[in-house]
1. Using a 10 angstrom cutoff on alpha carbons, build the Gaussian network for chain B and name the most mobile of B:Leu104, B:Leu46, B:Leu122.
2. Under the Kirkwood approximation applied to all pairs of distinct alpha-carbon atoms, what is the hydrodynamic radius of the protein assembly as shown in Å?
3. If you take every DSSP beta bridge whose two residues both sit in the protein assembly as shown, what share of them, in percent to the nearest 5, is antiparallel?
4. Highest first, please rank the peptides A:180-186, A:306-312 by the mean number of other Cβ atoms sitting within 10 Å of their residues.
5. Name the residues whose placed amide hydrogens come within less than 5 Å of the amide hydrogen of A:Thr293, ignoring near sequence neighbours (fewer than 5 apart) on the same chain.
6. When you look at the Cβ of every residue in B:29-38, what mean number of other chain Cβ atoms sits within 10 Å?
7. Give me the log10 of I(q) over I(0) for region A:199-271 at q = 0.12, 0.23 Å⁻¹, as the Debye formula computes it from C-alpha points; what are the numbers?
8. Mind running the shape call on region A:197-329? Use the C-alpha gyration tensor, a ≥ b ≥ c as the square roots of the eigenvalues: rounded below 1.5 for a/c, prolate if a/b tops b/c, oblate otherwise.
Amino acid sequence: MALKLTSAEFEVVRDKERCIACFACARQCAFDTHTDNDGVVESDSRLCVGCHRCEVLCPTGALKIVQKERLIKENSNWQSSSFLAIQKQSEAGGIVLAAMGTDRPYTIYWDHLLLNAAQVTNPSIDPLREPMELRTYLGRKPVSFQDEGELSPQLRLEMPVLFSAMSYGSISLNTCRSLAWASRAAGTYWNTGEGGLPQELYAYNDRAICQVASGRFGVSPEYLEQAAALEIKIGQGAKPGIGGHLPGEKVTVEISATRMIPEGTDAISPAPHHDIYSIEDLKQLIFALKEATEYRKPVAVKIAAVHNIAAIASGAVRAGADIVCIDGIRGGTGAAPLVIRDNVGIPVELALAAVDNRLRQEGIRPQASIVVAGSIRSSADVVKAIALGADAVYIGTAALVALGCHICQKCYTGKCNWGIATQDPYLTKRLNPEVGARRLTNLLRAWKMEIKEMLGGMGINALESLRGNREQLRAVGLTEKEMEILGVKHAGEGW
Amino acid sequence: MKRIKVKEEYCIGCRLCEIYCFVQHSKSKKLIKAFRDEGLKPVPRLFVEENGSFSFAVQCRHCEDAPCLEACFTGAMHRDENGAILCDENQCVGCWMCVMVCPLGVIRTNRKDRRIVSKCDLCEGEPVCVKNCPNEALTYE
């Protein structure tokens, strides 16, 4: 094998004055960037993926990982990302893989929406003195007051934030444990993703939303019985229209038992559900799941935000979905083709506004709750999503960041130095689930307080009063058309 | 008695505990200075044992039936009022009998000029290894 001609993306800067040659960096890097060469620590920048693990653990702060400003001479057309993709591709002759959400500079509509606050004409509320209601129920609601009879099954959340679907296999068991433990502590739910529910976490079944995806991994009557709610995964924001592939090396004994496939075999999720080619087919699966669980559990349908999302969501609701989850283009993944992740789908803000509008126009909005996903980065994003019409949000990357993730986007390598997206026992130990669960619980607690502050500022004391209340939003720096789709006025316009 | 406990399933083998232990028992107690200027081969008082992905830090367990106490003929090795076993460096003559009898091998010879032994002293109730473990694999309870 000849010398690789791939450029180094990062530069390892080591302050020789501070380095004490303790080799903590060498022991922490799964990519072998730092090595112990007979008592001398050597770093090969070409191997660095920019996860910052060594930088964080270096006891003397001797390390700095710097992203190279550009790999080639200045060129507005050829950016480093396209350049690097071609380099990798010409080296290996395959599809370039990527992970987590897209890093392309698409408009982040959350950052163009501003929240209102009460002044003089209506009083703001102090959440420290007055009760503030964030409790959220997800599921089918009665359409009219005349509706009598039994209420459809509901998920009760103490705040409108759930953990996104991340499968055991793509993430480690310790990560699943952290999510499950934190869900119970914070009164919310975690999502098993398509990899099944590990036996050990059956104890947290009351907090688990179990996915039924195209690969049907780990789906059994017992699995359906465990779930608090079921979610049919049609698509994922990072890779709409694309299936999944968990390489055989990652299918350990435990994962093979959870996914119910032979050890060491590739776990391939087909792109479509082979039994779903229409809304009618979707309805059959929804009702098959409802029948199987005797109508005791809400059934969600997760779809990626694509061009015709409003009509598709309407179809899903009419097909009997109790919850519709929409995952936008900035949504994350454990592995996806780079070209798909960066180019397919639409931003979740626009999709949410379109879906909420459409369901209202058709008079079926109460029939399903809307949960949005795809880069919810802060409590402000949550509040803006609620005001745009969402019932709750899913957080994936935000949760992983709370667990240590530094968004190096190398999940697909299986060598996550933070012990999250890996099955290597040497690496999975790095996430202590007790610490992880505590950090996640802290995050949710902090967001909860911030959401209450923002609501109080608007003079609102219940989240329900903000839901779909787009008058509380004003746009800055958006075009007429964008504001029309989002259904918001420009900043400066009054009621 | 409060003891340092090890959760080997979360020990990541980074050996930061060893580094901070050495610094705590150095002259300057300053990280870079201790490694750079004090001219000693760093000898911590706890040791990370590793075998593949399995690792844990081991230090003096402050045994109830401590063989080192029996073996010490000068009385340097003693149990303090809290139950911790400490070595009085002024009394230690460096016969290294405690090193011989310690079942865990956590008493080591000190590489300073004087022939004395060094062992975990629980850092006066605030063990630095526990404080600096990045994964809470060490607890003091």
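Since every read-out is calculated from the coordinates, none of them should be taken as a lab result. Please read all numbers here as calculations on a predicted model, not as lab measurements. Using ideal geometry, Cβ is built from the backbone for each residue, glycine included, and neighbour counts are taken over all protein chains shown.
1. B:Leu104
2. Numbers: mean 1/r = 0.0365 Å⁻¹.
Every distinct Cα pair counted, the radius reaches 27.4 Å.
3. Values: 33 of 63 bridges.
Percent antiparallel among DSSP bridges in the protein assembly as shown is about 50.
4. On the way: A:180-186: 22.1, A:306-312: 16.7.
In descending order of packing, they fall as A:180-186, A:306-312.
5. Close amide H contacts, sequence-distant or interchain: none at all.
6. Values: counts 0, 0, 6, 8, 1, 1, 7, 5, 0, 0.
Averaged over the peptide's residues, the number is 3.
7. -0.35, -1.12
8. Numbers: a/c = 1.99, a/b = 1.27, b/c = 1.56.
It is oblate, given that a/c is not under 1.5 and a/b is not larger than b/c.
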